[in-house]
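See below for the structure under consideration.
Read the figures in this text as sums done on the coordinates, not as results from a lab. Keep in mind the model is a prediction, meaning the values are calculated, not measured. Glycine also receives a Cβ, built like all others from the backbone with ideal geometry; neighbour counts cover every protein chain displayed.
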Amino acid sequence: MKFNLKKFWKESVFAFFLKNIVLAVVIFVVMANIVLFAIDGYTRHGEAETVPDLRNMYVEEAEVVLASQGLSLQVIDSMYDRQKTLGAIVEQTPPAASTIKKGRSVYVIINSTTVRKVPVPDVRDVSLRQAEATLGIIDLKVGRIEYKPSEYKDLVLDMLLDGKSIPAGQRVPEGTAITLVVGQGSGMDAVFVPDLIGLPLSLVRDKVREANLVLGAIDYDVQPVGNEADYVIISQQPVAGSWQIAGSRIDIWLSTDKNKVANPQQKVVDEDNFF
């Protein structure tokens, strides 16, 4: 019996499966080539660029440099390092000298554009050594040390910024130099006590310092709740016009009630009987 090839391909079950297998292989090969071609086009095979070093550049500069190589820039975070230029790039991914495809992005972290501010700690009434350590912990500096007559040697009497007394808690740029007024332990000169009655606390510190005296206890008739600016001095000890040894302390009492202002001739009541 003669083998009929045409009939075999038309009627044989085996031939049916064989044709489908061949067809599937052809489709797979065609699809694989299409996918590989697409991937090759997407990844720009053979079009690699060396990543430049963007550190210490500003974002605008880095964008120009990357654009010339067919790359783009993305800022993903910021940090603060006072040793580095404000607003400059401090870290990048991928790193410099690595290779990436054209059209890809370089991710960067920039240094903050503003200096971080920190609250000034209260170092009054502590030793000079302790004050220097406390300020150093939060990256503040001791700029100058001014010595004033005082009964206590090396005791910090006041903190100054731009020549003016600075209240504790005021926020200043990190790295700011704070001037410390320190007792020299030889307060034998007599000084005139200034009149502080009716003044707000913001003016009192400088006035006391200029008189070569030290601000002592600060008492409120009612504790302030963010309204310190409304309070004025209603009484002081020692009284205005008296003579005291340089470096002595002046205690003050404050109130928002102006009617409580002490009579200039009135002696300050004993603290235990105050109010």
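The table that follows gives values for the structure above.
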{"read-out": "Of all DSSP beta bridges in region 134-217, antiparallel share, percent nearest 5", "value": "55 percent"}
{"read-out": "Local net charge near Ser255, Cβ-Cβ under 11 Å (Lys/Arg +1, Asp/Glu -1)", "value": "-2"}
{"read-out": "Partners for Lys141 among aspartates and glutamates (Cα-Cα distance below 20 Å; same-chain residues under 8 apart left out)", "value": "Asp81, Asp122, Asp125, Glu132, Asp154, Asp158, Asp162, Glu174"}
{"read-out": "Peptides ranked, highest mean first, by Cβ atoms within 10 Å: ranges 175-184, 77-86, 199-208", "value": "175-184, 199-208, 77-86"}
{"read-out": "Percent of beta bridges antiparallel (DSSP, region 45-110, rounded to nearest 5)", "value": "55 percent"}
{"read-out": "Long-range HN-HN contacts of Ser105 with modeled amide H, under 5 Å", "value": "Ser72"}
{"read-out": "Vicinal HN-Hα couplings computed from phi for region 174-181 (Karplus, 6.51 cos²θ - 1.76 cosθ + 1.60; Hz; Gly/Pro x)", "value": "4, x, 4, 8, 9, 7, 10, 9"}
{"read-out": "Relative counts (whole %) of C-alpha pair distances in region 131-260, using bins that are 10 Å wide", "value": "13, 38, 34, 14, 1"}
{"read-out": "Surrounding net charge for Glu174, when Lys and Arg each add one and Asp and Glu each subtract one, Cβ distance under 15 Å", "value": "+4"}
